[in-house]
1. Please verify whether residue 238 is polar (S, T, N, Q) and outside any loop (DSSP other than H, G, I, E, B), treating the condition exactly as stated.
2. Residue 23 passes all but one of (1) in contact with a Leu (Cβ under 9 Å, 6 or more places away or on another chain); (2) touching a residue at least 60 places away in the same chain (Cβ under 8 Å); (3) closer than 30 Å to residue 165 by Cα; (4) part of a helix (DSSP H, G or I); which number fails?
3. Tell me which residues, restricted to the range 257-291, are assigned to a strand (DSSP E or B), in contact (Cβ under 8 Å) with a residue 24 or more places away in the chain and of a type outside the set (Lys, Arg).
4. Condition (residue is acidic (Asp, Glu), closer than 16 Å to residue 121 by Cβ and assigned to a helix (DSSP H, G or I)) applied to the range 75-91: is it met by at least one residue?
5. Residues of the range 306-330 being closer than 24 Å to residue 202 by Cβ and either in contact with a Leu (Cβ under 6 Å, 6 or more places away or on another chain) or without any contact (Cβ under 8 Å) to a residue 60 or more places away in the chain (or both), which ones?
6. Scan the range 300-315 and tell me whether some residue there is surrounded by 12 or more Cβ atoms within 10 Å (Cβ to Cβ) and among the acidic types (Asp, Glu).
7. Considering (1) in a helix (DSSP H, G or I); (2) under 17 Å from residue 308 (Cα atoms), say which one residue 108 fails and leave the rest.
8. Quick check on the range 308-328: of everything there that is out of contact with any Phe, Trp or Tyr (no Cβ under 9 Å at 6 or more places or on another chain) and in a loop (DSSP other than H, G, I, E, B), which residue is nearest to residue 109 (Cα to Cα)?
Amino acid sequence: MKKIRIAQIGTGHTHAGACFNTLKKRSDLFEIVGVAEPEKERLVRLERETYKGFPVYTVDEILNMKDLDAVTVETDEEYLSKYAIAAAEKKLHVHMDKPGGLLYDDFARLVEIVKKNDTVLHLGYMYRYNPYVLQLLKEVRNGEFGEIFAVEAQMNGHVDYDIRKWLSTLPGGMMFFLGCHLVDLLLLIRGIPEKVVPFNRCTGHDGLDCTDYGMAVFTYKNGVSFLKSNASELGGFTRRQLVVTGTKKSVELKPFETVLDKGGQVTDKVEYLTEEWFEKGVSSRTEPFDRYDAMLEAFAKMAAGEKKNPFTPDYELQVFRTVLQCCNVEID
């Protein structure tokens, strides 16, 4: 496979540094042209070790490079759609971090452009590439769960003061910031819900008025599912979980990720197959993996035309629409 010539636009997203480090690590797939920092972003990273030694360009310089194949858009959330649109208009393949910019109409315009140009739009939902999530989705498609009637998912943590303060700039706060990952998983497993009911709240922790407690309930014809994302929860990272319940079996992924001292992550799973009240289930653990490695490898293959993107632009628009519904944003 020919290497993908790629540049990064933005350093402000919380995944920006990890994304760039993965591009560097996967030099078998990518040739990094350089990086741009177009806005005064929340997390200034160009001065950090991650970007040392790489050329710094303006966005216009990057977008007008004749031999560029793709970009990663890793700006602060409010600018994501703006620069993804600019790159898509140049017919570049775009890896854009989640969940998109703040406005539905901007994201819808982005989808129209990539569909017209037949280019790749790839979102940074890294759990899509988790080994156990991939296995679970295959089992869902194969009917191994029977009839699924509930999905319950949590993505919590105790983030620092400045990030919780920043949440007030986002629609729905924590639900937009991290709850979007869970929305994606729910739609992949259960499809579009009949109704979305948001229950987002402010805990008032540290005197902040941000929406740091995100929750949404989803109704389906045969059950109810819920998602929760709390930014002020002690021990919340270890309780990140996905539970899928069907008539033939139930599966719990928890902790969703345990970070290893030597690097990488693992995911733990318990599978329940009987009707016994006190069944302990069958426990297992993945081999160590890097949460960004498989994601960006897939993007490289999509950009090279060697892999079809299973996440269509229309699906990405539906995810974004549902995320905004969870954030109590009305969409015409």
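1. On the way: polar (S, T, N, Q): yes; outside any loop (DSSP other than H, G, I, E, B): yes.
Judged against the criteria, residue 238 is a match.
2. Here residue 23 clears every test but (3).
3. Hits for the range 257-291 are 265, 289.
4. Here is the first cut: in the range 75-91, the residues acidic (Asp, Glu) are 76-78, 89.
Restricting the remaining residues to those that are closer than 16 Å to residue 121 by Cβ gives 89.
Add one more test, that the residue is assigned to a helix (DSSP H, G or I), and what stays is 89.
Yes, the range 75-91 has at least one match.
5. Across the range 306-330, the qualifying residue is only 330.
6. Step one: of the range 300-315, the residues surrounded by 12 or more Cβ atoms within 10 Å (Cβ to Cβ) are 300-304, 307, 309, 311-313, 315.
Restricting the remaining residues to those that are among the acidic types (Asp, Glu) gives none.
No: the range 300-315 contains no residue that is surrounded by 12 or more Cβ atoms within 10 Å (Cβ to Cβ) and among the acidic types (Asp, Glu).
7. Here residue 108 meets the rest and fails (2).
8. The selected residue is 312.
The values are calculated or read from the model by the stated rules, or taken from the named source; none is laboratory data. Source: prediction; values computed, not measured. FYI the Cβ positions are ideal-geometry reconstructions off the backbone, even for glycines, and counts take in every protein chain you see.
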